[in-house]
Amino acid sequence: MTTTPTSQLPADHPLTSGLTSESALLNQYRGSRTSAGAPASPERRPVWFMRQAGRSLPEYRELREGTSMLDSCLNPDMASEITLQPVRRHDVDAAIFFSDIVIPLRLAGVGVEIKPGVGPVLDAPVRTAADVAALPELDDAAFAPITEAIQRTTAELGSTPLIGFAGAPFTLAAYMVEGRPSRDHLGPRAMMHTDPQTWNALAAWAADVSGRFMRAQLMAGASAAQLFDSWAGSLGRADYQRHVLPHSTAALSHVSGLSGPDGVSAPLVHFGTGTSEILDLLKTAGADVVGVDYRLNLSEATRRLGPETPLQGNIDPAFLTADWSVLEAHVREVIAAGSGAAGHVLNLGHGVPPETDPAVLTRVVELIHSIDP
Ligand code: 1CP
């Protein structure tokens, strides 16, 4: 049975009830600095960190002991608790749901594990037209543990928004074709040219499962969502535009315009690493906010994207081990560089390195909150 998906968030959703709709995070994601008649935001400058939940936290390592990564993601109690840990510890302005980009594969019945110290590894790579045709259908009922974890999490978070996420079709398909992490993603990049039909079928499958994964998180209570195209930087402009962008657009179309009855919609963020040269293309996929990695100065990102585009980023994780004065100067520079954009949410330019001292992250949050918006 096919039903037309609704674009209406449920009545008890934190965006609909107003719990998170005026949060500092959402105001910046909406580009409130330029909205007509908007007062200078009285609230603090919002910050969260990609991979804020994870191995940098001792409480995470303790809880995860003896449970595999994907089993932890699918245990609603654990996923919820791990999502909340960095919010309690660092006082960040958003939680990011503890899960992984390969969870939709696992929920569809594709054999996949996350091997410690390696990353996602599939039982069998997906390389031929027959492999793609044999990919299972993902049933929405499989999202039950995700929905449950999110409901528990948002009940605890109150007015702090939860961000949902998914992997973009290229990044997800890269793991599927290679069967494991790779450096240059030659497998998926070759498939685009040697067998474009199979590539398109695979990327369309990935777009569908990732789009529905984000949608399930938003419907269950997430107030924003981020599409991670971590490996899109390995593509040239022409290949990105022709073979990837349409699929990322399709993934985002599952969640664009999801809103409450008063029209308050859930903002979408699009992020990739090494994407400086395709940043303008990334923006056209349909997200509201562009996440910038650590390689590009935010003022240059604004020049490329226009001042109306809200930005997220881009403290270089390499500074997290530097002397505090060096790190502080860098954070202040990032804030200044982002001041020309309609909105700016502070984040790292990629994920928290596992060896990061969590006390440093807490201090960075305090610094950011101490600087007048
Ligand atoms: O050993 C462990 O504790 C597992 C490490 C780990 C964690 C904590 C993995 C394996 N995934 C995650 C959680 C995760 N993955 C989150 C949680 C929320 C948070 O940010 O705090 C998110 C958003 C992801 C998304 C993800 N998974 C991405 C996109 C973001 C990025 O960092 O670029 C990617 C590329 C993955 C694949 C993946 N999963 C895990 C690893 C180590 C990897 C990368 C492997 C590689 O290098 O290719």
* Structure fact -> The helix 358-370 Cα axis meets the longest alpha-carbon principal axis of the chain at an angle in degrees, between 0 and 90 and rounded to 10, of 50
* To do: Determine by what factor the alpha-carbon radius of gyration of the range 105-214 differs from 2.2 N^0.38 Å, reporting the quotient.
  => 1.19
* Table column - 3J(HN,Hα) (Hz), the range 140-147, Karplus curve with 6.51, -1.76, 1.60, x for Gly and Pro -> 4, 4, 5, 6, 3, x, 5, 4
* Interchain or long-range residues, amide H under 5 Å from V112's placed H -> D123
* Structure fact -> Interchain or sequence-distant (5+) residues whose placed amide H lies within less than 5 Å of the amide H of L9 are S259, G260
* Asked: Got a sec? Charge dipole of the chain, +1 on Cβ for Lys and Arg, -1 for Asp and Glu; which of S325, S17, T362 is way out at the positive end?
  -> S325
* **FRET efficiency for D131 and T284, using Cβ-Cβ distance with R0 set to 25 Å, rounded to 0.05** => 0.25
* Asked: When the dipole is taken about the Cα centre of the chain, and only Lys, Arg (+1) and Asp, Glu (-1) are charged at their Cβ, what size is it in debye, to the nearest 20?
  -> 580
* Paired Rg and Dmax values of the range 233-373, which use every Cα atom, in angstrom -> 16.2, 49
* Using the scaling law 2.2 N^0.38 Å as the reference, what is the normalised Cα Rg of the range 301-372? -> 1.12
* Measuring from label point to label point, each 7 Å out along Cα→Cβ, what is the T194 to E355 span in nm? -> 3.7
* **For the chain, calculated [θ]222 nm from helices alone, where every DSSP H run of n ≥ 4 adds -39500 (n - 2.57)** => -12000 deg cm²/dmol
* Asked: For the range 46-160, what percent of Cα pairs sit more than 22 Å apart?
  -> 39
* Within-13-Å neighbourhood charge of G233 [Cβ basis; K, R +1; D, E -1] -> -1
* Structure fact -> With R₀ set to 30 angstrom, the calculated FRET efficiency between the beta-carbons of E300 and D372, to the nearest 0.05, is 0.80
* Take the Cα atoms of the chain, find their three principal axes, and give me the spread along each one in whole Å, biggest first. => 57, 42, 41
* Asked: At a Förster radius of 22 Å, what calculated FRET efficiency corresponds to the Cβ-Cβ distance of A201 and D139, to the nearest 0.05?
  -> 0.65
* HN-Hα J couplings of the range 338-349 from phi, Karplus 6.51/-1.76/1.60, θ = phi - 60°, integer Hz, Gly and Pro as x? -> x, 6, x, 8, 4, x, 8, 10, 6, 7, 7, x
* Asked: Around I315, which amide H atoms from residues at least 5 apart in sequence, or from another chain, sit under 5 Å from its own amide H, with H modelled in the peptide plane?
  -> N347, L348, G349
* To do: Can you tell me how much longer the chain between A155 and D123 gets when fully stretched, taken as 0.36 nm per residue apart minus their C-alpha distance, in nm with one decimal?
  => 7.9 nm
* To do: Arrange K283, K115 by Cβ neighbour counts within 10 Å, fewest through most, would you?
  => K115, K283
* Put a dot 7 Å past each Cα toward the Cβ at S276 and T321; how far apart are the dots in nm? -> 2.3
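Since every read-out is calculated from the coordinates, none of them should be taken as a lab result. Remember, it's a predicted structure, so these values are computed and weren't measured experimentally. All Cβ positions, even for glycine, are placed from backbone atoms using ideal geometry, and neighbour counts span all protein chains on display.
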